[in-house]
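Just below is one structure, and these are the notes that go with it.
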Amino acid sequence: MSDMSALAATQIRFGATLLDVSLHNERRAYISIDKKDAPSVCRYLYEEQGGRLATASGIDMRSGIEILYHFMIPRDHQLITLKIKVEKPAPETGSCGDFLPAAIWIERELNDILGVTFTGHPDPRRLIMSDDWPEGVYPFRRDFKEPAR
Amino acid sequence: MKRTVIPLGPFHPLLEEAEFFKLYVEGETVVDVDLRIGYMHRGIERLSTEKNWDQSTYLVERICGICSTSHPMAYVQAVEDLGGFDIPDRAKFIRVIICELERIHSHLLWVGLAGHFIGYDTVFMWAWKYREPILDICEKLTGNRNHYAMMKPGGVRRDLDKNDFAWVHKELDKVIAKTEMLTGAVLDDPVLHARMKKVGVLSKEDAVGYGTVGPTVRASGIPDDIRVDDPYAAYDKLDFNVCTWPSGDVFGKAAVRLLELIESVKLVKQCMDEMPEGPIDARIKRVPEGEGIGHAEAPRGEVFHYVRGDGGNSPIRHKIRAPSYVNIPSFKATCIGHTISDVALITAAVDPCYCCTERMAVLDNSSDEFIMSGKELETESRKVTAKLKADYGRLTPVEETVAKFLKEG
């Protein structure tokens, strides 16, 4: 690790792979990347920049599902959020679980609530939805309708 | 050797929330752990998107009874981050006071329960006795012993009365003297050393890999603390130490919490002395479109809230991540190789709560069924301590302090 901030180092290392870099303020940075680059950028932030994966979140936008990996970089006092977009109706992206244990649970959760398949996930079972929840029904999708009681 | 599966949970006296651990054991030794959550899924993230920005503050306060101010704290900061709102200095100091009081009572609660669990009931009675004045302070300052409802996007809901501060100082002085006595007795006790040292060691690599937070990661020698890493409220204006311990074991986790207690008392006192006069609310009118992240150092570690707004009256997405979500998977690294009586202690070290229904069964998957209750597991853990005490041969420092206390009244 050099004196350079993790954000600057990532920009130099990945160059045009980063589709968009924006600073919301000095403590919050957002980086948009293509979904195929997500595992390699995550691995770089975790293994070489001392980033801690705080969590990931997913949002169903009309154009597709947005997945955000939030990395805390303690030495820079900065939170870097990686944004990727996966397309419906069968959203699918590479998993970070094989090198980053912190990603295992949250990727399982995203699969439960949004139906995103993480290929190469070491343990792709259900996590938070109960076992009798119907297959293919995802409560955080826009088209989800609450069952009549 | 024959491998046996022991289901621990979903309802278990050690766990704050219902979780399910499947322990794979060979003889007494745990060889693998499988974890399952979701039994307490209340749909709060979804519910929040149906409430307005103000109502969600009350909703997230109900996520946890002990961390009842850390969740609103992280949430209101996420909303403030979204809109780029600045809050008045006085509100920042009030926020720190409430957060630190919460940390003190939560850590005292943990110390008491941990003491009870390993068979040191004196520690349990002491810790809970000295937790009471802290709850009295909370009631005096906020109107409630818990669930203070002090946070709101833009500031705090109620001002503190500085005429109360002299009394609060006096009460805190009493608590700090007792806590120091308790800390000294616990950290010097050779039986506790024998019981807790080298048990459930979380290595630095695993602590980072699992993304653990709070006392769990600090006990592995890593000084991660959101109050310093991403200072919020008035923490950048205050002077305090981040307590770490190098060992990563149960003893380290206890030590970190006990040391933090004293730092927190100092923080509350500092805030009362240095609190500026002025308004307490920035009066936010409208939350614009955008996204915001807020996090806060709860007693158990980082609480993380992400909100996305579309300019409307409520968030369109609200992601909440509580500290146990990242601390619990680390059991996979800490429990393996230990005995069942230690597993209870290791899971407790991350932070226990006895409010859940007591139910646990020990089953042999090769037909010869055997049931073991939570009570029996507790007894197992206490037996180990009793044997260590007997081996020690004379009064331990905790017992000596009790004897002295009883003699002198």
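The values are calculated or read from the model by the stated rules, or taken from the named source; none is laboratory data. Note that the structure is a prediction, hence the values are computed from the model and not measured. Glycine gets a Cβ as well: all are built from the backbone with ideal geometry, and neighbour counts include every protein chain shown. Surface areas here come from the heavy atoms of the whole protein model, side chains and all, with no ligands, DNA or RNA. Shrake-Rupley method; radii C 1.70, N 1.55, O 1.52, S 1.80 Å.
Values computed for the structure shown
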{"quantity": "The listed residue being closer than 21 Å to B:W110 by Cα and of a type in the set (V, I, T), out of B:T4, B:T57, B:T49, B:T69", "calculated": "B:T69"}
{"quantity": "Checking B:S220 against (1) more than 19 Å from the chain's Cα centre (by Cα); (2) under 26 Å from B:S324 (Cα atoms); (3) open to solvent by less than 40 Å² (accessible area, probe 1.4 Å); (4) free of Cβ contacts under 8 Å to residues at least 40 places away in the same chain, the condition it does not meet", "calculated": "(1)"}
{"quantity": "Filtered residues of the stretch B:11-61 (kept if assigned to a loop (DSSP other than H, G, I, E, B) and at pLDDT 80 or above)", "calculated": "B:G27, B:E28, B:R42, B:G43, B:T49, B:E50, B:K51, B:N52"}
{"quantity": "Condition check for B:S203: among the hydroxyl-bearing types (S, T, Y), surrounded by fewer than 24 Cβ atoms within 10 Å (Cβ to Cβ) and closer than 30 Å to A:D98 by Cβ", "calculated": "yes"}
{"quantity": "Identity of the residue in the stretch B:39-65, small (G, A, S) and more than 14 Å from every other protein chain (Cβ to nearest Cβ), that ends up surrounded by the fewest Cβ atoms within 10 Å (Cβ to Cβ)", "calculated": "B:G65"}
{"quantity": "The stretch B:117-129, subset more than 17 Å from the chain's Cα centre (by Cα) and surrounded by 19 or more Cβ atoms within 10 Å (Cβ to Cβ), residue nearest to B:K174 (Cα to Cα)", "calculated": "B:W126"}
{"quantity": "Top-ranked residue of the stretch A:52-82 - restricted to ones that are among the basic types (K, R) and open to solvent by 40 Å² or more (accessible area, probe 1.4 Å), ranked as farthest from the other protein chains (Cβ to nearest Cβ)", "calculated": "A:R62"}
{"quantity": "Contacts under 9 angstrom Cβ, first residue in the stretch B:313-336 being free of Cβ contacts under 8 Å to residues at least 60 places away in the same chain and of a type in the set (K, R), partner part of a helix (DSSP H, G or I) and crowded, with 24+ Cβ neighbours inside 10 Å, 6 or more apart", "calculated": "B:R321/A:I106"}
{"quantity": "Any hit, the stretch A:89-100, residues being within 20 Å of A:R141 (Cβ to Cβ), of a type in the set (A, V, I, L, M, F, W, C) and at the interface with chain B (Cβ under 9 Å from one of its Cβ atoms)", "calculated": "no"}
{"quantity": "Residues being outside any helix (DSSP H, G or I) and either away from chain A (no Cβ under 14 Å) or open to solvent by less than 10 Å² (accessible area, probe 1.4 Å) (or both) - total across the stretch B:66-111", "calculated": "6"}
{"quantity": "The stretch A:21-36, residues that are open to solvent by 30 Å² or more (accessible area, probe 1.4 Å) and touching a residue at least 40 places away in the same chain (Cβ under 8 Å)", "calculated": "A:E26, A:R27, A:S32, A:D34, A:K35, A:K36"}
